[in-house]
Amino acid sequence: MVKYIIYMLVAFLIIDHVWTHYGPKIINAIASDLMGKETKVVEEDSERKSVLDNGIERLNHLKEKFIRR
């Protein structure tokens, strides 16, 4: 049971990361293909971070904090 919960958490992290970074590109590409011309439906935000990005950033911050001590 625990194994499946871990699989679900890992799947959520991967889906969130891919959606955050590639979701707007995918949506705009599909909309452009359906319209037959270049269409921008969703604005791409380069500063958006996924849960995984935030976690890695926090781990790096903690690592730097412990190295200074």
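The conditions of being in contact (Cβ under 8 Å) with a residue 24 or more places away in the chain and part of a loop (DSSP other than H, G, I, E, B) are met by LYS49. Can you find a residue in region 10-27 that is modelled with pLDDT under 95, open to solvent by 100 Å² or more (accessible area, probe 1.4 Å), of a type in the set (Ser, Thr, Tyr) and assigned to a helix (DSSP H, G or I)? The answer is yes; a qualifying residue exists.
Among the conditions (1) among the β-branched types (Val, Ile, Thr); (2) surrounded by 12 or more Cβ atoms within 10 Å (Cβ to Cβ); (3) at pLDDT 95 or above, THR39 misses just one, which is (3).
Scanning region 49-69 for residues that are within 24 Å of VAL18 (Cα to Cα) and exposed (fewer than 12 other Cβ atoms within 10 Å of the Cβ) returns ASN54, GLU57, ARG58, LEU59, ASN60, HIS61.
The values are calculated or read from the model by the stated rules, or taken from the named source; none is laboratory data. For clarity, every value in this text was computed on a predicted model and none was experimentally measured. We place every Cβ from the backbone using ideal geometry, glycine too, and count neighbours over all the protein chains shown. Protein only, heavy atoms only, side chains kept; ligands, DNA and RNA dropped before computing areas. Shrake-Rupley method; radii C 1.70, N 1.55, O 1.52, S 1.80 Å.
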